Each structure stands twice: as C-alpha cells, then as structure tokens.
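Structure first, then comments.
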Amino acid sequence: MATSEIDTEKNKGRHDRRIFILGGAMAVFSSTLAYRMHFLQVSESSKFRLLAEENRINVRLLPPSRGEIFDRNGILLAGNKQNFKVILVRDEVKNLDQVLLNLEKILKFSKSFKDQLKSEILKRSPLIPITVSDNLSWEQLSNVAVNSPILPGVSPEVGLSRFYPRSTDYSHIIGYVGAVGEKDIIKMDRDYREGKISKKDPLLEIPKFQVGKTGVENKLDRQLRGKAGNKKIEVNSVGRIMREISRAESIKGANINLTIDTRLQHFVQERLSGLSASAVIMNVNSGDLLAIGSTPAFDPNKFIGGISHSDYNSILENPYNPLWNKSVQGSYPPGSTFKMIVSLAALEAGVISINDEINCKGFTEISGRKFYCWKSGGHGKVNLHNSLKQSCDHYYYELSQRIGISKIAAMARRLGVGEKFDLPLPLVESGIMPSREWRRKEKGQEWKIGDTLNTAIGQGDVLTSPLQLAVITARLATNSIVKPRLIKSFSGLSLPIESFKPLNIDPAAIREVRRGMYSVVNDKRGTAYSSRVEQADKEFAGKTGTSQVTEISKSERKRGVSKNEDKPWKYRDHALFVGYAPFTNPKYSVSVVVEHGGSGSTSAAPIARDIMLAAQYGSLPPLSAYPEAQRSRIASMLTKMQLVDPEKTLRSEYE
C-alpha cells in the first residue's frame, strides 16, 4: 500500500514536469510566432507592401524623340512625324494566340505576319512593349481602341517616325533609319565587351525601334537616338491599364546642323541628274562641305518602314548604282588633274624651272614601249605653264623620269592623296598613292619605270575620290592643309573652325601652278576654255582630266571601235574636272567626276562651272555670266532643271 502511494507521487511529479516543459515550449513558440508576425506585419511591412505592388505595377520604357537634322541655314533635312501604332506587352496577356488572332481580324494582316510577330514577341522579355503595327490610319487605331476588352495587354499609342522632306537630295549624306535588327544588337554587345560603351542601351531591345542604318543617321546614331525614359503603370488582373503612377521623361536626341547648303545641294543633284556622276564643293577657308552630290540617288523614305521588293530590285538593277555615294566611296584614276602635283614635286626638287621647255613629239619611248600623248601629233615645245594649259602628257612623262616616284608620292600625300578624312559618313575612301613599297607589299611586284610614267598622268594604280580631289584643289588654292568638315553644330552649339597649318610649298611654285590652272579655263588654247565665265570677279581656275578605263584592243579596232564613244558605256573613260573660284580670292573648290563620261573638258568642266557660279551667286546663275554664244542653250538647260524652293520643307507630303 505504501509502495503504491509512493509510485503515485512519482508519477504525478513526472506529469507536472512534462506539463511545465510543454507549457514552456508553447510559450516560447507563441512568443516566437508573435515576434515573427510583428516583424512581418510591422517592421517589414513596407518591403512586402512593395512586393505586393510589383505584382500589379509594370515599368515601361519611353522611347525618346530622335534628334532632327538641319542644313547650315536651319532648313529641316530629317524630322519626325506623328505615327499611330499598336503595342503589346506579353506579361499582360494570358492567351497570346487568342489576342493575336483578334488583332489579325481587326488589323487585317496575314497569317504569316502573325506567325512572324509571335516569334518576335516570344524572343523578347515579357515586359518589353512590342510594336505590333505602325503607320496606321486613325480608323485602324480607333478599331483597336474600341475592341480593347478582347485585347488585353494591347494598347494604341501615338509615337514618332522619321521622314526626309528633301527626299533624294540628301539620301547619300543623311542616309536613313530602319527597325533595329540582330546586327545592331550584336554590335552593341561587342562594343560593350570592348569597352567602347559603358552600358547597353535598353532602347535596342525594343523591336521596330528606329536606328540609323546608313549615312549621318548611322555614324551619329548614339547622339541622335537620345535616352529612354520610363513610366510605372498599374494594371488589373486582365492586364488593362488602370492608372499611371509615375513617369521619368525620355531625353530627346541631339539636333545636328550640317555644313551643307540645301539650295546648292539641290542644284548639284539636279545638275547631275541623268548621269552616273558625283560632285563636291567646299569652302576652302573653313573646310565646310557645301554640297556632296551623287547620282542617281534614291528616296530614303521608302526604307523607313521596309522597302518593297519591287522598289529595292529596281535600285539594285540600276547599272548606275544609286546606293553608292560616289563622292566619298568612289575611287577613280585622277587623270590629268594629277599633273599639278607632279609639277610642284618637280619644282620643289629643282629638276626643272618654270621656263624650261620640253619638246613633245606625241610620245615617249621607254625600253621599246611607247607612251603616247593624247595629242598624237605632239604639242611641240612646252613649258610648265603651257603643259597644264594644254594638258601635255609627254611633258609629264619626261618630268616624272627626272623626279622619280618617291618624290611624286611625297608631294601627293602632302596634298591629300591616300588620306582618309574623318567624316561621319560610311566607307570614306582613302584612295591609293602607289610607291615602290606599296607595289611590293600589295602586288608582290617590283616598281618599273613605266609605272612612274603612268602615275605622272594620273593613271596606273593611283586612285582618288571626288572628295579628295576637292580637298587637293582647296590646298592648292590656299597653300594650307585644308581639312573637310560636315558637322556645323550639335544641339545649337557651333563647332570651332580649325585653323589650318601651312603646306609650306614655295609660294612662287604654287603661284605658277595656279596660273597654269587659270589658263586651262581662260586661255583660248586651254582645254576648258568653252567653260569659262564672262564676269571677271567670278572667274575660276581649274584642270580637266580624262581617266582611261580600258584600252581599245586590236580585236575592237577590227570591229570598227576607234573612239571612246564606240565602246559600251561601262568601258568608256571617266571625265573629271577640278577647280577653285574666284581666282583672285579663292573661296570655293570643286570636283566633278562623270563616270564613263569621256572627256573632262566636254562632260565635267561645264558642270563644275555651273556649280561654282551657283555657289558664288547664292542662287540660279544669271545668263550674263556665260559666253554669249552659249546663253540660249544654258537658258534651256536651266529651265528643264526641276528646281524646288529650298525653304519649302515638303512636310505635308509625309503627314
């Protein structure tokens, strides 16, 4: 009995300890739970409130307005127009296939387009707005808005799209924009890896965002593009926008003023119309490029939304190559326009004086090979002045043997041959100034004396672009290292005009070369006398050039091909002319190249004269500036040119 009572007491003690332990554990658990609930609901309330809000708040990029491009006088060249478009955010769409099917019916696009669109949407982040369709009519935009209940995640918007009011006049300079593509993203990634940019631009993740594809639009794309903004929006359970919570505005891209004069650019393009040709005119004192012409051209507006196959094929099939900016991308043998360089090299080397004469008998013979002068009967005795005036090849054959290729090449490089100019244009050619080292490296061949003779008359391997020819002429006119520039100002801030260093060519030598160039145009025996100007204060100096494309073969001669005009167009000689004006106080230099145009005196020189007169007068040249016998023909030509008032932006055509 006693033992039983003792056991009972022991059991009771154990139960009390268990209850105590269990109660303590429950107390600890309750305290921990209370503390945790306080922590979550009070201390961390702001954090979890934000997390809850993020479930219903989306952040969208706000694309900036692209910077506009103007000419030197403020005339609009590349602007932005209103663009109705429809965007879709996948994160706000529950049934993408159904929404796309609804859009297909409303906007009436094809199934193939719908499939392509779906593929594009799935490749992108679900938070990025995808442009479904743009350049819509008001009626199409309204139809989307009316059907919003069946289009969750879809919203109509009013954005901006590029347009080019001057159409073909600036197609090779400004270029055009197009939808961002894989190449653009790959380039951005590469630039980021190489440290060229500090961070990636989220704008390039937006499908159909417009970026520069060619020309200034491409080379200055980052400056023109601007910076993205963003907005926070609240959406409901079906993806409809309820309200805008906050907004950080985008920053518009920089506005740019070019050095180009629209009036002159338009005149140049019209004057070259119908030809495969190019022309450059620049201010010799500032280096400002006033016109960069290349024909035929194309309408950049057709490329913005994607050019049609028929339009693109018509461009590709044109033998005159409209997409090619011949002024900076073309490379041509300079022909006789190279003779001023050889003259200066000879005078500087002291191998000839300005009065020394060389007898031209129509050819020079080297090792049994004859190098012919363009005048088969020869020019007789000619000095430096007359050699330029009459463009005697024999004179320069003889001169080149006395100088040697090394000194010719050195003078050519000083004047700009082989120099690549830093301009915001694609594929700017540097040309070629051949030498012994160049031939050995590039062709694995040794230099021969015949190569020197060919180079002396601007043939052989020497190549120049029309831009280089204009710069060379500017340097001849000023005896300074003139450098071209295309950008006048950024965002209203004018860029400083560079002070050009002297060329340090003997003034007497360069004066004699200029005197010879003056006679080319103004002496009755000059090769460009028919392109002279009648008003003394507008007179110009220049040099004609004809660069051979192919020689007439024996088989061609047997078929009756005896002249350049008898050849197929693509095998005919190129026509060139360079010049500067006014002669007494140079302000402008010009170069003209007419592809397969034949003689520089008949094809290129008249064009150069018209361009320089238009620059000097600042308007259509008056007939009084031309020789009286030519005025009727000139009047007819000027009347046929489809000139448009440059003050008219033509904006209404694109709105």
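Numerical summary
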| read-out | value |
| --- | --- |
| Residues (touching a strand residue (DSSP E or B) at 6+ places or on another chain (Cβ under 8 Å) and surrounded by fewer than 21 Cβ atoms within 10 Å (Cβ to Cβ)) located in the stretch 609-630 | Gln616 |
| Residue identified as among the acidic types (Asp, Glu), in contact with a helix residue (DSSP H, G or I) (Cβ under 9 Å, 6 or more places away or on another chain) and within 30 Å of Tyr588 (Cα to Cα) among Glu217, Glu157, Glu234 | Glu217 |
| The stretch 320-351: number of residues that are part of a helix (DSSP H, G or I), buried (at least 24 other Cβ atoms within 10 Å of the Cβ) and among the polar types (S, T, N, Q) | 4 |
| Complete set of residues in the stretch 363-385 that are touching a residue at least 40 places away in the same chain (Cβ under 8 Å) and either surrounded by 15 or more Cβ atoms within 10 Å (Cβ to Cβ) or of a type in the set (Val, Ile, Thr) (or both) | Thr364, Ile366, Phe371, Trp374, Leu384, His385 |
| Yes/no for Gly274 being of a type outside the set (Val, Ile, Thr), over 19 Å from Gly545 (Cα atoms), surrounded by fewer than 16 Cβ atoms within 10 Å (Cβ to Cβ) and out of contact with any Asp or Glu (no Cβ under 6 Å at 6 or more places or on another chain) | yes |
| Of all residues making up the stretch 88-112, the number that are closer than 25 Å to Leu61 by Cα and of a type in the set (Phe, Trp, Tyr) | 0 |
| Spans of helices (runs of 4 or more DSSP H) in the stretch 168-221 with at least 1 residues over 17 Å from the mean Cα position of the chain (by Cα) | 182-193 |
| Check on Gly175, closer than 30 Å to Ile75 by Cβ, surrounded by 14 or more Cβ atoms within 10 Å (Cβ to Cβ) and out of contact with any Gly (no Cβ under 6 Å at 6 or more places or on another chain) | no |
| Criterion: of a type in the set (Asp, Glu) and under 24 Å from Asn80 (Cβ atoms) - qualifying residue of Asp115, Asp134 | Asp134 |
| For Val471: the one exception among (1) modelled with pLDDT of 95 or more; (2) more than 30 Å from Ser499 (Cβ to Cβ); (3) in a helix (DSSP H, G or I) | (2) |
| Single residue of Pro646, Pro606 found to be outside any helix (DSSP H, G or I) and surrounded by 13 or more Cβ atoms within 10 Å (Cβ to Cβ) | Pro646 |
| Condition check for Ser531: in contact with a Leu (Cβ under 9 Å, 6 or more places away or on another chain), under 23 Å from Gly335 (Cα atoms) and surrounded by 19 or more Cβ atoms within 10 Å (Cβ to Cβ) | no |
| Odd one out for Ser489, checked against (1) outside any helix (DSSP H, G or I); (2) more than 34 Å from the chain's Cα centre (by Cα) | (2) |
| Top-ranked residue in the stretch 474-497 [being modelled with pLDDT under 95 and in contact with a strand residue (DSSP E or B) (Cβ under 7 Å, 6 or more places away or on another chain); ranked as nearest to Ser336 (Cα to Cα)] | Leu495 |
| Members of the stretch 282-307 that are hydrophobic (A, V, I, L, M, F, W, C) and touching a residue at least 40 places away in the same chain (Cβ under 8 Å) | Met282, Val284, Leu289, Leu290, Ala291, Ile292, Ala297, Phe298, Phe303, Ile304 |
| Filter result (part of a helix (DSSP H, G or I) and loosely packed, with under 13 Cβ neighbours inside 10 Å) within the stretch 492-510 | Pro507, Ala508 |
| Odd one out for Ser119, checked against (1) out of contact with any strand residue (DSSP E or B) (no Cβ under 6 Å at 6 or more places or on another chain); (2) surrounded by 12 or more Cβ atoms within 10 Å (Cβ to Cβ) | (2) |
| Per-region count, the stretch 123-172, residues buried (at least 23 other Cβ atoms within 10 Å of the Cβ) and among the polar types (S, T, N, Q) | 1 |
| Per-region count, the stretch 329-381, residues within 28 Å of Val549 (Cβ to Cβ), among the basic types (Lys, Arg) and over 35 Å from the mean Cα position of the chain (by Cα) | 4 |
| Only one of Asp506, Asp461 that is of a type in the set (Asp, Glu) and within 15 Å of Leu344 (Cα to Cα) | Asp506 |
| Strands (runs of 3 or more DSSP E) lying entirely in the stretch 45-147 (those with 2 or more residues that are modelled with pLDDT under 85 and of a type in the set (A, V, I, L, M)) | 57-62 |
| Pro152 vs. criteria of a type outside the set (S, T, N, Q), in a loop (DSSP other than H, G, I, E, B), over 18 Å from Arg60 (Cβ atoms) and touching a helix residue (DSSP H, G or I) at 6+ places or on another chain (Cβ under 7 Å) | no |
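The values are calculated or read from the model by the stated rules, or taken from the named source; none is laboratory data. All of these numbers come straight from a predicted model, not from anything done at the bench. Glycine gets a Cβ as well: all are built from the backbone with ideal geometry, and neighbour counts include every protein chain shown.
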